[in-house]
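Data first, discussion second: the structure below is written as structure tokens.
The values are calculated or read from the model by the stated rules, or taken from the named source; none is laboratory data. Being a predicted model, the structure only gives us computed values, none of them experimental. FYI the Cβ positions are ideal-geometry reconstructions off the backbone, even for glycines, and counts take in every protein chain you see.
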């Protein structure tokens, strides 16, 4: 008995020691030239992916894109005009100008004054910033109904590219930059991508790269559940990507709260589009052409999705190992500035390289001659934050009998949720619109412009906010006002047109096209 106890203790100590050694992760070493080659591969992959998928963008929603996919090296020139590249570069410039500690508010100030065209969460963020709502609240669902949309996800690549093997550093920057326009799952999309990029510098297995991205976000989040589902389906059948796509479609491609996608196949949600990126990586199995094809054929935002998938794979392979057929057009445009930026391809690679060295040093790493020593860093997901508009229930058009109108209103032709619509335009201050509805959340949809006016909003007899229909140029957003988390049941909404407008507005125009109501899950 005594000998048995002794051997048990010895065995336990041995197991603990062995486990401890297994869990201790040594620093990774990478040469400057290898690091730069991988950073170059990541930017090149993005450029190739967005140019390859550009002709298909939102042309296949809720179905697989079956038409022929074409490629010619000269198509790469389209990348200098693509928003998912030039927007992320302007965020990178904030870090170059201000430093690695740039705050959400400082990222927001850059975004507030940007001149490029924006849509969805980006557009809502810039609109809110110009209305005086500073970051990080410009991305909060209290103000931004698009907070779960794809926007930060497609702009986060630059963060992963500057944090090789350092997922916690990636998450720190994501948490500040991403809140300019997103929250919850919309923010986690950027963290998921950042984690995949970080892992791609030292990992050759695409499944492990996807798992590393998943480890950067809360497991219980909707985004985390979706990616776990996909990994499970891939484990069961690692060959048939179409089967996995259909499983994603059946379970996750529904109930998009975005006003443009609530009642149709269009889906700009971060989760489903992020899944298409992971789908391309998992079933592409490290093959550049196959990864591009799958992430493009999956549909929806099918230029941004192959851009990120090819970006991650470009880091894994490095620029030199990307097949020439895909990268041969890059040298011709390598010194051409991307629209709205101060960077060419060569300049953004150098800028990213410089920032990566700073991040490595800050994380406790160092430079020894031509070699960088990167400390091991485990992923650390943030605290869970989720929000939910509920299940889209009804689109109540302006001519529905649920609305009542007082004062002077005229007919106004416009758009509601990507469709032609006939709404009501206020002809004078004091005009009122009242809507009786049932549900737990509501979004009021109507046009915004540089001549937009204002209105006060009352919910169940109490002041609930205001509508400001003025919007900066090149900013497209039709969500005039929203609220969520209401007690399920009957509610009354009243909108009263005001005589004033934003000081920058050229008029007092206010049109209402529809109300979208949601029911609690």
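Evaluate the following for residue 224: is it in the same structural domain as residue 59 (by TED's automatic domain parsing), at negative phi and surrounded by fewer than 16 Cβ atoms within 10 Å (Cβ to Cβ)?
Against the criterion (in the same structural domain as residue 59 (by TED's automatic domain parsing), at negative phi and surrounded by fewer than 16 Cβ atoms within 10 Å (Cβ to Cβ)), residue 224 does not qualify.
Filter the stretch 262-291 down to the residues that are touching a strand residue (DSSP E or B) at 6+ places or on another chain (Cβ under 7 Å) and in a loop (DSSP other than H, G, I, E, B) and list them by number.
262, 263, 268, listed by residue number.
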Checklist outcome for this item: Note on residue 422: of the conditions (1) closer than 17 Å to residue 143 by Cα; (2) modelled with pLDDT under 95, unmet is (1)
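Among the residues of the stretch 174-195, is there at least one that is surrounded by fewer than 19 Cβ atoms within 10 Å (Cβ to Cβ), in contact with a helix residue (DSSP H, G or I) (Cβ under 9 Å, 6 or more places away or on another chain) and either in a loop (DSSP other than H, G, I, E, B) or not assigned by TED's automatic domain parsing to the domain that holds residue 266 (or both)?
To start, the set of residues in the stretch 174-195 that are surrounded by fewer than 19 Cβ atoms within 10 Å (Cβ to Cβ) comprises 175.
Still in the running and in contact with a helix residue (DSSP H, G or I) (Cβ under 9 Å, 6 or more places away or on another chain): 175.
Next cut, either in a loop (DSSP other than H, G, I, E, B) or not assigned by TED's automatic domain parsing to the domain that holds residue 266 (or both) only: none.
No, because not a single residue in the stretch 174-195 is surrounded by fewer than 19 Cβ atoms within 10 Å (Cβ to Cβ), in contact with a helix residue (DSSP H, G or I) (Cβ under 9 Å, 6 or more places away or on another chain) and either in a loop (DSSP other than H, G, I, E, B) or not assigned by TED's automatic domain parsing to the domain that holds residue 266 (or both).
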Checklist entry - If we scan the stretch 446-461, do we find a residue that is in the same structural domain as residue 395 (by TED's automatic domain parsing), touching a helix residue (DSSP H, G or I) at 6+ places or on another chain (Cβ under 8 Å) and closer than 18 Å to residue 145 by Cα? => result yes
Next on the checklist: Let me confirm something: among 434, 438, which residue is surrounded by fewer than 20 Cβ atoms within 10 Å (Cβ to Cβ), over 30 Å from residue 170 (Cβ atoms) and either within 32 Å of the chain's Cα centre (by Cα) or in the same structural domain as residue 169 (by TED's automatic domain parsing) (or both)?
Outcome noted: 438
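Mind telling me which of the residues 501, 429, 433, 490 ends up being at pLDDT 95 or above and within 25 Å of residue 387 (Cβ to Cβ)?
Only one candidate qualifies: 490.
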Next on the checklist: Looking only at the stretch 285-322, how many residues end up being within 22 Å of residue 61 (Cβ to Cβ) and in contact (Cβ under 8 Å) with a residue 60 or more places away in the chain?
Outcome noted: 18
Checklist entry - Can we say residue 305 is part of a loop (DSSP other than H, G, I, E, B), assigned by TED's automatic domain parsing to the domain that holds residue 191 and within 23 Å of residue 149 (Cα to Cα)? => result no
Checklist entry - What about residue 388, is it at pLDDT below 95 and closer than 30 Å to residue 423 by Cα? => result yes
Checklist entry - Looking at this structure, is residue 204 out of contact with any helix residue (DSSP H, G or I) (no Cβ under 7 Å at 6 or more places or on another chain), surrounded by fewer than 24 Cβ atoms within 10 Å (Cβ to Cβ) and touching a residue at least 60 places away in the same chain (Cβ under 8 Å)? => result no
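Considering 319, 376, which residue is surrounded by fewer than 16 Cβ atoms within 10 Å (Cβ to Cβ) and within 30 Å of residue 100 (Cα to Cα)? So that I can check it myself, show each step before the final result.
Values: 319 fails: surrounded by fewer than 16 Cβ atoms within 10 Å (Cβ to Cβ).
None of the other options fit; the residue is 376.
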Checklist entry - Where in the stretch 202-261 are there helices (runs of 4 or more DSSP H), lying wholly inside it, with at least 3 residues that are closer than 30 Å to residue 376 by Cβ and at pLDDT 95 or above? => result 206-214, 222-236
Checklist entry - Can you tell me how many residues in the stretch 235-278 are farther than 29 Å from residue 122 by Cα and crowded, with 22+ Cβ neighbours inside 10 Å? => result 2
